Amino acid sequence: MGPDLPDGQGVVSSDLRTVADGISNRAGSRRAALLSAATAAIADLLNVDAAKVSTDAPFSDLGLSSLQLARLTAHLEDAMGVEVSLTTLYDHPDIEQLVEYLAMR
């Protein structure tokens, strides 16, 4: 048999749950910030309202040319504070996929 646990045995699991919740909230907050920044950057390049930018449409369907995608990398790097290569945009060809990738970094 294992050792008897002292009173307050739930404190550790409660503390871990609190830490996990904090991490989850920060991750969700970071993802929301990345999504907002990416949407705003694309809206700026296209001269449209950010509310009109679909987050799950491929960049090409949004009307972004290869030149605009190259410009987008600089916009995203400035707005998000993370390096975004042109290859990354081709590997993650819409806002949702890009944000998921960047949020994991």
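Structure data summary
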quantity: Chain lengthening between residue 30 and residue 48 when straightened (0.36 nm per residue, less Cα-Cα); calculated: 4.1 nm
quantity: Spherically averaged projected area in nm², based on the convex hull that wraps the Cα atoms of the stretch 55-105; calculated: 3.1 nm²
quantity: Hz values of 3J(HN,Hα) by residue in the stretch 65-79 - Karplus curve (6.51, -1.76, 1.60), Gly and Pro given as x; calculated: 7, 5, 5, 5, 5, 5, 5, 4, 4, 5, 4, 5, 4, 5, 6
quantity: For the stretch 25-77 and the stretch 81-105, distance of Cα centres in Å; calculated: 10 Å
quantity: Calculated from backbone phi, Karplus (6.51, -1.76, 1.60) coupling profile of the stretch 29-43 in Hz, x at Gly/Pro; calculated: 5, 5, 4, 4, 5, 5, 4, 5, 5, 5, 5, 5, 5, 5, 4
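Only the coordinates and a few stated rules stand behind these numbers; no lab work does. The model shown is predicted, which means the values in this text are computed figures rather than measured ones.
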